[in-house]
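Input: a single structure, listed below in structure tokens.
The values are calculated or read from the model by the stated rules, or taken from the named source; none is laboratory data. Since the model is a prediction, treat every value here as computed from it, not as a measurement. Note: ideal-geometry Cβ built from the backbone for every residue, glycine included; neighbour counts use all protein chains shown. Accessible surface is based on the protein model in full, side chains and every heavy atom, while ligands, DNA and RNA are left aside. Shrake-Rupley method; radii C 1.70, N 1.55, O 1.52, S 1.80 Å.
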Amino acid sequence: MSARASNPEYVNARVRSRRAVLFADEDYRKLIRMGPSEIARFMEETEYEREINALGTRFSGVDLIEYALNRNLAKHFDDLLDWSEGRLYDLIGRYLRKFDVWNVKTIIRGIYTETPTEEVSTDLIRAGELPDSTLDRLLEVDEIDDVIEILGGTVFYEPLSEAYQEFEETGALVSLENALDREFYEHLLDDLGRPQEGPDALYVEFLEAEIDFLNARNALRLARSGADLDPAAYYIEGGVLFTQAELSRLVGNYDELVDHIADSGRYGDRLGGALARLREADSLIQFEHAMDAALLEYADTLSSIYPVSVSAVLSYILAKEREVENIRAIARGREVGLTEAEIEDELVIL
Amino acid sequence: MAKDVKPTRKNLMAIEDRIELSERGHGTLEKKRDGLIMEFMDILDKAQDVRSGLSDDYEEAQKKINMARAMDGDVAVRGAAAALQEHPEITTEAKNIMGVVVPQIESSRVSKSVDQRGYGIMGTSARIDEAAEAYEDLLESVILAAEVETAMKKMLREIETTKRRVNALEFKLLPDLYDSQEYIEQKLEEQEREEIFRLKKIKEKKEQEEKAERADTDDEPESGDELEQATAGGLPGGD
């Protein structure tokens, strides 16, 4: 944790200018009508110009767009950490740790499949807390236990060390990946308590929602798959929708699980439509889409109520992530021949 | 060719045996051909359904993976695929349909539950689950199509071979054998007729010779009397 005083006013001032250049609805409507090469040219005239030009010699088509988006995202979030100090740095850092999780998973998968280092490096999104030097060291090793050694001193070392035993027995990465994800989510709410008002209350409410949605998604996926799994292994503490016992019980009964979410006072209204479609269609995709939209809306509320707080920064982080995902969805969707209507259905826009 | 055969009774008997064997074989092969065709028609119907199912499964799998790549990103989908640990296994056994050995393909570890695919559940989405599931269904369809279409091809080859054999018997071997049989029979008849004629001639000749002999024998005693008579009568030749 940074020992200096927190500086939310400064960071939020800079975030506001960054937020102003995020894509609007009409930009998405233009993009949907373009092909991948036109989208890349369009992006050259926007905020993504530098990344498109830097990567243009190595990649082309939608791969160029995707890698440019990731690199731009990493740059923006790196800037947030550079500007932030004190408690604000801590709060932003712990949220951006999801990119450390992504990077460590990508590196471990690369070792598992003996993928060349350069390909793995291209897939990294250097937006988390781990410095570039650590990531570069991780890229050099050939064994997963060496990765864990290098991560000594970070929050990932212990959970990975424990999960490594199971990995050795089963040969499957799932234990390592779940350990990383769990570590990220379980530390989100560290030392925040349960404030009842003020910007911290909204921030906590948002994080609780993210954890609740994650638990709901995992529970629904487990219930639908019929797999004989211990639901407790996938339960994340910190939410308000389920207790561990409730989740274990509900995983065995898909309909009851859906009803439990629908009956929730906090989320029932926001997710009601998606839950109704879930019952009819039995596909979780639309439900996940609805949860992403609900989280984005939550985050947007944060920024409008407390515009000079960590909540506003978090709202920007989600909005920027959503922009990257929307542009990627449009580019890949056009590449594979999806119709404009199909692509529009998948976008998450406020 | 019929005329290459020596027209003997022994060859005729051998040819008659071969005709009987070939006619029996022809009947059996015709039944085999018809049975194979019936089995083939059943497999053909199944193969058409399987092939159509395969096309549908392929379209669905392509659609799902395209959506997953679009919404979750190509990197995330590749990453989830890279985590796969257990690969499908296939074993084959042989099955016999009307004498045709066809494969029976058993697969294991094709369809997996969400925890068996290797990727972490918390860090992935339902889109990746559905794409993986669609490809597992596709793989099952491919395995079934391989079994059914291989059986179909083998049956077809066997039907062709059997048809050729039936036709060879019906239009080549048996007609040649019948021709040979007819030729030998004709030749033997001819020989018999010649033999009869020859014997008849011999008999006639013999009878004539006997007759001639008899005639000679009758003449000799008549000459002695005549001589006695001449001597007694003072015929010249006497005193």
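Worth a mention:
- Remark on the range B:117-204: ratio of C-alpha radius of gyration to 2.2 N^0.38 Å is 2.99.
- Cα-based shape type of the range A:22-117, given that a ≥ b ≥ c are square roots of the gyration tensor eigenvalues and the cut on a/c is 1.5: oblate
- From the C-alpha gyration tensor of chain A, square roots of 5λ in Å: 29, 27, 24
- Accessible-area value, B:LYS205, 1.4 Å probe, nucleic acids and ligands omitted, Å²: 120 Å²
- Whole-Hz couplings from phi, Karplus 6.51/-1.76/1.60, listed for the range A:257-264; x for Gly and Pro: 5, 4, 4, 4, 5, 5, 7, 5
- Sites A:ASP228 and A:GLU256 - FRET efficiency at Förster radius 22 Å, r taken between beta-carbons, to 0.05: 0.75
- Listed by chain and number, the lysines placed with their C-alpha closer than 30 angstrom to that of B:LYS31 are B:LYS46, B:LYS95, B:LYS153, B:LYS154, B:LYS163, B:LYS172; residues fewer than eight positions away on the same chain are left out.
- Calculated [θ] (222 nm, deg cm²/dmol) that DSSP helices of n ≥ 4 give over chain A, each run adding -39,500 (n - 2.57): -23000 deg cm²/dmol
- Helix content alone sets the calculated 222 nm mean residue ellipticity of chain B: runs of n ≥ 4 DSSP H residues at -39500 (n - 2.57) each, divided across all residues, give -27000 deg cm²/dmol.
- Extreme residue, positive dipole direction of the range B:2-181, given options B:THR162, B:GLY120, B:VAL77 (C-beta unit charges): B:THR162
- Listed residues A:ASP145, A:ASP292, A:ASP228, most fluctuating in chain A (Gaussian network, C-alpha, under 10 Å): A:ASP228
- With R₀ set to 45 Å, the beta-carbon distance separating A:GLU149 from A:SER60 gives a calculated FRET efficiency near 0.75.
- Three-way shape label, the protein assembly as shown, alpha-carbon gyration tensor, a/c 1.5: prolate
- Surface/4 estimate of mean projected area, convex hull on alpha-carbon atoms of the range A:303-350, nm²: 3.4 nm²
- Taking only the alpha carbons of the range B:39-146, we obtain Rg and Dmax values of 16.8, 54 Å in that order.
- Label positions at B:LYS203 and A:ARG33, each projected 7 Å from the Cα along the C-beta direction, are separated by 11.8 nm.
- Convex hull of alpha carbon positions in the range A:189-230: directionally averaged projected area 3.6 nm².
- Only protein atoms count toward the accessible area here, which uses a 1.4 Å probe; on the range A:1-67, the carbon and sulfur part of that area reaches 47 percent.
- Tail beyond 14 Å, pair distance distribution of the range A:130-211 (Cα, percent): 70 percent
- Ranking A:TYR185, A:TYR48 by solvent-accessible area of protein heavy atoms (1.4 Å probe, all protein chains present), from largest to smallest, gives A:TYR185, A:TYR48.
- Across every direction, the projection of the convex hull enclosing the Cα atoms of the range A:218-350 has a mean area of 9.6 nm².
- Alpha-carbon Rg/Rh ratio, for the range B:2-181, with Rh computed the Kirkwood way: 1.33
- Stokes-Einstein diffusion coefficient of the range B:32-73, Kirkwood radius over Cα pairs, 37 °C, 0.692 mPa s, in µm²/s: 261 µm²/s
- Segment A:GLU169-A:GLU44, length gained on full extension (0.36 nm per residue, minus Cα span): 40.1 nm
- Using a probe of 1.4 Å on the protein chains alone, the accessible area found for A:MET43 is around 0 Å².
- For the pair A and B, total buried accessible area rounded to nearest 100 Å², probe 1.4 Å: 3300 Å²
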